[in-house]
Amino acid sequence: MRIAIASGKGGAGKTTVATNLAVLSAEMHRTVYVDCDVEEPNGGLFLKPTGLQSWPVELLVPRVEREKCLRCGLCAQICQFGALISLRGLPFIHQRLCHGCGGCAQVCSAGAIREEPRPIGTVVEGRAGELLFLEGRLEVGEAWSPQVIRALKKRIPRQTTAFLDAPPGTSCPVVTTLSEVDFVLLVCEPTPFGLHDLDLILHTVRAMNVPCGAFINRWEKDEDSVERFCLREGVPLLATLPDDRRIAEACSRGELLVHSLPEFWPLFVDLFTRLLERTDR
Ligand code: SF4
Ligand code: SF4
(Lines give C-alpha, C1' and ligand atoms only; values in the text may rest on other atoms or scores of the structure.)
(Ligands and ions follow the chains in the order given, each with its own letter.)
Protein backbone atom coordinates (compact mmCIF):
# COMPACT_ATOMS: atom_id res chain seq x y z
CA MET A 1 0.00 0.00 0.00
CA ARG A 2 1.36 3.39 -0.99
CA ILE A 3 -0.23 6.55 0.36
CA ALA A 4 1.00 9.97 -0.73
CA ILE A 5 0.50 13.04 1.43
CA ALA A 6 0.30 16.11 -0.81
CA SER A 7 -0.73 19.75 -0.84
CA GLY A 8 -0.86 22.55 -3.37
CA LYS A 9 1.60 24.66 -1.37
CA GLY A 10 4.34 24.36 1.24
CA GLY A 11 3.69 24.82 4.95
CA ALA A 12 0.23 23.23 4.91
CA GLY A 13 1.25 20.47 7.33
CA LYS A 14 2.05 17.55 5.01
CA THR A 15 5.10 16.43 6.93
CA THR A 16 3.28 16.62 10.26
CA VAL A 17 0.57 14.32 8.92
CA ALA A 18 2.93 11.97 7.04
CA THR A 19 5.39 11.45 9.92
CA ASN A 20 2.71 10.89 12.54
CA LEU A 21 0.83 8.43 10.31
CA ALA A 22 4.03 6.56 9.48
CA VAL A 23 5.06 6.19 13.13
CA LEU A 24 1.60 4.96 14.04
CA SER A 25 1.50 2.49 11.15
CA ALA A 26 4.94 1.13 12.07
CA GLU A 27 3.49 -0.12 15.36
CA MET A 28 1.29 -2.53 13.36
CA HIS A 29 2.83 -3.05 9.90
CA ARG A 30 6.15 -2.99 8.11
CA THR A 31 6.20 0.70 7.21
CA VAL A 32 8.43 3.12 5.37
CA TYR A 33 8.34 6.90 5.44
CA VAL A 34 9.58 8.36 2.14
CA ASP A 35 10.55 12.03 2.00
CA CYS A 36 10.06 12.92 -1.68
CA ASP A 37 10.41 16.67 -1.03
CA VAL A 38 13.98 16.33 -2.33
CA GLU A 39 14.66 20.07 -2.58
CA GLU A 40 13.89 20.62 1.10
CA PRO A 41 13.43 17.33 2.98
CA ASN A 42 12.46 17.85 6.63
CA GLY A 43 10.78 14.63 7.79
CA GLY A 44 14.07 13.67 9.45
CA LEU A 45 13.66 16.59 11.88
CA PHE A 46 10.65 14.80 13.38
CA LEU A 47 11.70 11.16 12.94
CA LYS A 48 15.38 11.56 13.91
CA PRO A 49 16.54 8.47 12.00
CA THR A 50 19.77 6.70 12.93
CA GLY A 51 22.17 4.36 11.15
CA LEU A 52 22.04 6.48 8.00
CA GLN A 53 23.46 5.11 4.75
CA SER A 54 23.46 6.99 1.47
CA TRP A 55 23.75 6.27 -2.24
CA PRO A 56 24.43 8.75 -5.03
CA VAL A 57 21.85 9.40 -7.74
CA GLU A 58 23.51 9.98 -11.08
CA LEU A 59 22.49 11.19 -14.51
CA LEU A 60 24.32 9.72 -17.51
CA VAL A 61 25.55 12.66 -19.57
CA PRO A 62 27.50 12.59 -22.84
CA ARG A 63 31.16 13.47 -23.41
CA VAL A 64 32.51 14.01 -26.90
CA GLU A 65 35.85 12.57 -27.97
CA ARG A 66 36.73 15.17 -30.57
CA GLU A 67 39.45 13.10 -32.24
CA LYS A 68 36.85 10.47 -33.21
CA CYS A 69 34.21 12.97 -34.39
CA LEU A 70 33.32 12.92 -38.11
CA ARG A 71 31.52 16.29 -37.87
CA CYS A 72 28.32 14.84 -39.30
CA GLY A 73 26.08 16.97 -37.03
CA LEU A 74 23.59 14.15 -36.36
CA CYS A 75 23.93 14.44 -32.56
CA ALA A 76 22.87 18.11 -32.65
CA GLN A 77 19.89 17.26 -34.84
CA ILE A 78 18.62 14.58 -32.44
CA CYS A 79 18.91 16.66 -29.25
CA GLN A 80 15.42 17.93 -28.39
CA PHE A 81 16.55 20.00 -25.42
CA GLY A 82 18.97 22.47 -26.96
CA ALA A 83 21.76 20.96 -24.85
CA LEU A 84 23.94 19.98 -27.79
CA ILE A 85 24.77 22.38 -30.59
CA SER A 86 27.00 21.97 -33.61
CA LEU A 87 29.61 24.63 -34.42
CA ARG A 88 31.25 24.02 -37.79
CA GLY A 89 30.26 20.38 -37.40
CA LEU A 90 31.83 19.99 -33.97
CA PRO A 91 29.40 19.22 -31.10
CA PHE A 92 29.31 21.32 -27.90
CA ILE A 93 27.28 20.20 -24.88
CA HIS A 94 25.73 22.30 -22.12
CA GLN A 95 25.79 19.84 -19.21
CA ARG A 96 23.08 21.61 -17.18
CA LEU A 97 20.63 21.55 -20.08
CA CYS A 98 21.27 17.89 -20.85
CA HIS A 99 18.40 15.57 -19.85
CA GLY A 100 20.60 12.47 -20.11
CA CYS A 101 18.29 10.88 -22.68
CA GLY A 102 21.18 9.15 -24.44
CA GLY A 103 19.91 10.07 -27.90
CA CYS A 104 23.14 11.67 -29.10
CA ALA A 105 25.28 8.69 -28.10
CA GLN A 106 22.89 6.33 -29.89
CA VAL A 107 23.02 8.17 -33.23
CA CYS A 108 26.79 8.62 -33.24
CA SER A 109 28.02 5.81 -35.48
CA ALA A 110 31.64 6.95 -34.98
CA GLY A 111 31.54 6.11 -31.28
CA ALA A 112 32.68 9.65 -30.52
CA ILE A 113 30.17 10.12 -27.68
CA ARG A 114 30.48 8.20 -24.45
CA GLU A 115 28.23 8.57 -21.42
CA GLU A 116 29.53 9.42 -17.94
CA PRO A 117 27.65 9.59 -14.65
CA ARG A 118 27.11 13.05 -13.12
CA PRO A 119 25.91 13.17 -9.47
CA ILE A 120 22.58 15.00 -9.13
CA GLY A 121 21.47 13.90 -5.68
CA THR A 122 21.50 11.33 -2.90
CA VAL A 123 19.17 8.71 -1.48
CA VAL A 124 19.46 8.31 2.30
CA GLU A 125 18.17 5.35 4.29
CA GLY A 126 17.94 4.89 8.06
CA ARG A 127 15.68 3.68 10.83
CA ALA A 128 13.46 5.46 13.34
CA GLY A 129 12.60 2.61 15.69
CA GLU A 130 10.45 0.13 13.75
CA LEU A 131 10.03 2.61 10.90
CA LEU A 132 12.20 2.50 7.78
CA PHE A 133 13.21 6.03 6.76
CA LEU A 134 14.00 7.05 3.18
CA GLU A 135 14.93 10.55 2.06
CA GLY A 136 15.97 12.04 -1.27
CA ARG A 137 18.31 15.03 -1.49
CA LEU A 138 18.80 17.02 -4.66
CA GLU A 139 22.25 18.57 -5.20
CA VAL A 140 22.19 22.37 -4.90
CA GLY A 141 21.83 23.94 -8.35
CA GLU A 142 20.46 20.77 -9.98
CA ALA A 143 17.00 20.65 -11.55
CA TRP A 144 16.44 16.90 -11.76
CA SER A 145 14.10 16.32 -8.83
CA PRO A 146 12.01 13.69 -10.69
CA GLN A 147 15.12 11.54 -11.30
CA VAL A 148 16.04 11.65 -7.59
CA ILE A 149 12.43 10.85 -6.62
CA ARG A 150 12.36 7.88 -9.02
CA ALA A 151 15.60 6.55 -7.52
CA LEU A 152 14.13 7.03 -4.03
CA LYS A 153 10.92 5.16 -4.87
CA LYS A 154 12.92 2.23 -6.23
CA ARG A 155 14.23 1.64 -2.70
CA ILE A 156 10.73 1.16 -1.22
CA PRO A 157 10.64 -2.50 -0.14
CA ARG A 158 7.85 -4.74 -1.42
CA GLN A 159 4.95 -5.62 0.90
CA THR A 160 5.49 -2.51 2.98
CA THR A 161 3.06 0.25 3.84
CA ALA A 162 4.65 3.39 2.41
CA PHE A 163 3.84 7.00 3.27
CA LEU A 164 5.22 9.31 0.60
CA ASP A 165 5.68 12.91 1.73
CA ALA A 166 5.24 14.76 -1.58
CA PRO A 167 6.90 18.03 -2.62
CA PRO A 168 4.56 21.05 -2.50
CA GLY A 169 2.76 22.27 -5.61
CA THR A 170 1.55 20.50 -8.73
CA SER A 171 4.62 20.32 -10.99
CA CYS A 172 6.71 17.39 -12.31
CA PRO A 173 8.21 16.31 -8.93
CA VAL A 174 4.68 16.02 -7.51
CA VAL A 175 3.46 14.01 -10.50
CA THR A 176 6.48 11.69 -10.17
CA THR A 177 5.70 11.20 -6.47
CA LEU A 178 2.00 10.51 -7.04
CA SER A 179 2.48 8.04 -9.88
CA GLU A 180 1.61 4.46 -8.88
CA VAL A 181 0.31 5.34 -5.42
CA ASP A 182 -2.94 3.83 -4.12
CA PHE A 183 -4.31 6.93 -2.46
CA VAL A 184 -3.51 10.62 -2.00
CA LEU A 185 -4.29 12.48 1.20
CA LEU A 186 -4.67 16.18 0.38
CA VAL A 187 -3.61 18.39 3.27
CA CYS A 188 -4.99 21.92 3.23
CA GLU A 189 -5.75 24.91 5.42
CA PRO A 190 -9.18 26.54 5.77
CA THR A 191 -8.21 29.85 4.16
CA PRO A 192 -8.93 31.34 0.71
CA PHE A 193 -5.31 30.55 -0.33
CA GLY A 194 -5.61 27.05 1.11
CA LEU A 195 -8.81 26.48 -0.85
CA HIS A 196 -7.20 27.71 -4.07
CA ASP A 197 -4.22 25.37 -3.59
CA LEU A 198 -6.53 22.45 -2.78
CA ASP A 199 -8.38 23.09 -6.03
CA LEU A 200 -5.07 23.01 -7.96
CA ILE A 201 -3.78 19.77 -6.46
CA LEU A 202 -7.22 18.15 -6.81
CA HIS A 203 -7.09 18.82 -10.56
CA THR A 204 -3.69 17.13 -10.75
CA VAL A 205 -4.79 14.11 -8.72
CA ARG A 206 -7.97 13.71 -10.76
CA ALA A 207 -6.01 13.95 -14.02
CA MET A 208 -3.85 11.09 -12.72
CA ASN A 209 -6.97 9.13 -11.76
CA VAL A 210 -5.82 8.44 -8.19
CA PRO A 211 -8.39 8.21 -5.36
CA CYS A 212 -8.03 10.93 -2.76
CA GLY A 213 -9.38 12.38 0.46
CA ALA A 214 -8.87 15.63 2.34
CA PHE A 215 -7.29 16.54 5.66
CA ILE A 216 -7.88 20.03 7.04
CA ASN A 217 -5.01 21.36 9.12
CA ARG A 218 -5.47 24.28 11.54
CA TRP A 219 -9.21 23.69 11.38
CA GLU A 220 -11.53 26.35 12.87
CA LYS A 221 -15.20 25.76 13.48
CA ASP A 222 -16.27 29.13 12.08
CA GLU A 223 -14.55 28.60 8.72
CA ASP A 224 -16.22 25.89 6.65
CA SER A 225 -15.23 26.90 3.08
CA VAL A 226 -13.01 23.83 2.60
CA GLU A 227 -15.68 21.51 4.01
CA ARG A 228 -18.24 22.95 1.57
CA PHE A 229 -15.74 22.61 -1.28
CA CYS A 230 -15.11 18.94 -0.42
CA LEU A 231 -18.84 18.26 -0.28
CA ARG A 232 -19.38 19.96 -3.64
CA GLU A 233 -16.47 18.15 -5.31
CA GLY A 234 -17.23 14.74 -3.77
CA VAL A 235 -13.90 14.61 -1.92
CA PRO A 236 -14.20 12.67 1.36
CA LEU A 237 -13.03 14.70 4.33
CA LEU A 238 -11.07 12.17 6.40
CA ALA A 239 -9.85 14.24 9.35
CA THR A 240 -9.38 17.72 10.78
CA LEU A 241 -6.60 18.88 13.08
CA PRO A 242 -7.62 21.94 15.13
CA ASP A 243 -5.78 25.23 15.17
CA ASP A 244 -4.07 24.71 18.52
CA ARG A 245 -1.03 26.58 19.80
CA ARG A 246 0.31 23.43 21.48
CA ILE A 247 0.49 21.69 18.07
CA ALA A 248 2.48 24.57 16.58
CA GLU A 249 4.85 24.55 19.56
CA ALA A 250 5.37 20.77 19.40
CA CYS A 251 6.08 20.95 15.65
CA SER A 252 8.54 23.81 16.13
CA ARG A 253 10.42 21.60 18.60
CA GLY A 254 10.47 18.73 16.07
CA GLU A 255 8.16 16.55 18.16
CA LEU A 256 5.66 14.00 16.90
CA LEU A 257 2.09 14.75 17.98
CA VAL A 258 1.30 11.08 18.63
CA HIS A 259 4.09 11.14 21.24
CA SER A 260 4.06 14.64 22.71
CA LEU A 261 0.29 15.33 22.65
CA PRO A 262 -1.34 11.93 23.23
CA GLU A 263 -4.85 13.41 23.04
CA PHE A 264 -4.34 13.57 19.25
CA TRP A 265 -3.33 9.92 19.04
CA PRO A 266 -6.98 8.75 18.49
CA LEU A 267 -7.32 11.27 15.65
CA PHE A 268 -4.40 9.69 13.79
CA VAL A 269 -5.61 6.15 14.62
CA ASP A 270 -9.01 7.03 13.16
CA LEU A 271 -7.38 8.59 10.08
CA PHE A 272 -5.17 5.55 9.58
CA THR A 273 -8.21 3.23 9.85
CA ARG A 274 -10.05 5.29 7.25
CA LEU A 275 -7.06 5.15 4.91
CA LEU A 276 -6.92 1.36 5.29
CA GLU A 277 -10.62 1.15 4.41
CA ARG A 278 -10.13 3.40 1.38
CA THR A 279 -7.26 1.29 0.08
CA ASP A 280 -9.10 -2.02 0.73
CA ARG A 281 -6.39 -3.50 2.97
S1 SF4 B 1 27.15 12.27 -34.23
FE2 SF4 B 1 29.21 11.69 -33.57
S3 SF4 B 1 30.45 11.94 -35.35
FE4 SF4 B 1 28.58 13.06 -35.78
S5 SF4 B 1 29.02 15.16 -35.06
FE6 SF4 B 1 28.12 14.10 -33.35
S7 SF4 B 1 29.88 13.32 -32.20
FE8 SF4 B 1 30.63 13.85 -34.22
S1 SF4 C 1 21.86 13.08 -23.81
FE2 SF4 C 1 19.97 13.81 -24.79
S3 SF4 C 1 19.65 15.81 -23.86
FE4 SF4 C 1 21.76 15.29 -23.45
S5 SF4 C 1 22.91 16.22 -25.10
FE6 SF4 C 1 22.45 14.10 -25.72
S7 SF4 C 1 20.55 14.23 -26.90
FE8 SF4 C 1 20.77 16.17 -25.77
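The values are calculated or read from the model by the stated rules, or taken from the named source; none is laboratory data. The structure presented is a predicted model; accordingly, all values stated were derived computationally and were not measured. Virtual Cβ from ideal backbone geometry, glycine too; neighbours counted across all protein chains shown. What goes into the accessible areas is simple: the full protein's heavy atoms, side chains included, and nothing from ligands, DNA or RNA. Shrake-Rupley method; radii C 1.70, N 1.55, O 1.52, S 1.80 Å.
Between the amide H of Arg118 and those of Leu59, Leu60, Val61, distances stay under 5 Å, these residues lying 5 or more places away or on another chain, with hydrogens modeled in the peptide plane. Normalised by 2.2 N^0.38 Å, with N the number of residues, the alpha-carbon radius of gyration of the range 40-131 equals 1.57. Modelled spin labels at Cys172 and Asp270, positioned 7 Å past Cα toward Cβ, are 4.2 nm from each other. Rounded to the nearest 10 square angstrom, Ser252 shows an accessible area of 100 square angstrom against a 1.4 Å probe. Near Arg66: Cβ cut-off under 15 Å, other residues only, Lys/Arg at +1 and Asp/Glu at -1. The net charge is +3. Extension gain for Lys221-Asn209 works out to 1.2 nm (0.36 nm per residue, less the C-alpha to C-alpha distance).
Mean separation of Cα pairs under 8 Å and 6 or more residues apart, divided by the residue count, gives the range 66-111 a relative contact order of 43 percent.
In a DSSP loop and with at most 16 other Cβ atoms within 10 Å, the trypsin sites (Lys or Arg not before Pro) in the range 55-84 are Arg71.
Counting 0.36 nm for each residue step from Glu39 to Thr279 and taking away their Cα separation leaves a gain of 83.5 nm.
Taking packing as the residue-averaged number of other Cβ atoms within 10 angstrom, the listed peptides 157-163, 6-12 run from highest to lowest as 6-12, 157-163. Pairs from the table (Lys68/Lys153; Lys9/Lys153; Lys9/Lys221; Lys9/Lys154; Lys48/Lys221) lying more than 31 angstrom apart at Cα are Lys68/Lys153; Lys48/Lys221. Keeping the other protein chains in place, figure out the carbon and sulfur percent of the accessible area of the chain, with a 1.4 Å probe. Carbon-and-sulfur percentage of accessible area, whole number: 52. Eigen-decomposition of the gyration tensor built on the alpha-carbon atoms of the chain gives equivalent ellipsoid semi-axes of 42, 21, 15 angstrom, largest listed first.
Applying 1/(1 + (r/R0)^6) with R0 = 35 Å to the Cβ-Cβ distance of Trp55 and Leu200 gives a FRET efficiency near 0.60. Here each label is just a point 7 Å from Cα along the line to Cβ, and for Ile85 and Arg155 those points are 3.8 nm apart.
Mean sequence separation of contacting Cα pairs (under 8 Å, at least six apart), scaled by the length of the chain, corresponds to a relative contact order of 26 percent. Stretching the chain fully between Glu65 and Arg232 yields a gain of 54.0 nm (0.36 nm per residue, less the alpha carbon separation). Across q = 0.16 Å⁻¹, the range 66-111 modelled as identical point scatterers on its alpha-carbon atoms has Debye log10 I(q)/I(0) values of -0.36, in the order of the q list.
Using R₀ = 35 Å, calculate the FRET efficiency as 1/(1 + (r/R₀)^6) where r is the Cβ-Cβ separation of Glu255 and Arg96; round to 0.05. Once rounded, the FRET efficiency stands at 0.30. Of all DSSP beta bridges confined to the chain, the antiparallel ones make up roughly 50%. Normalised per residue, the accessible area of the chain is 50 Å², obtained with a 1.4 Å probe and no contribution from ligands, DNA or RNA. Computed over neighbours whose Cβ is under 9 Å from that of Arg218, the net charge equals -4, Lys and Arg +1, Asp and Glu -1.
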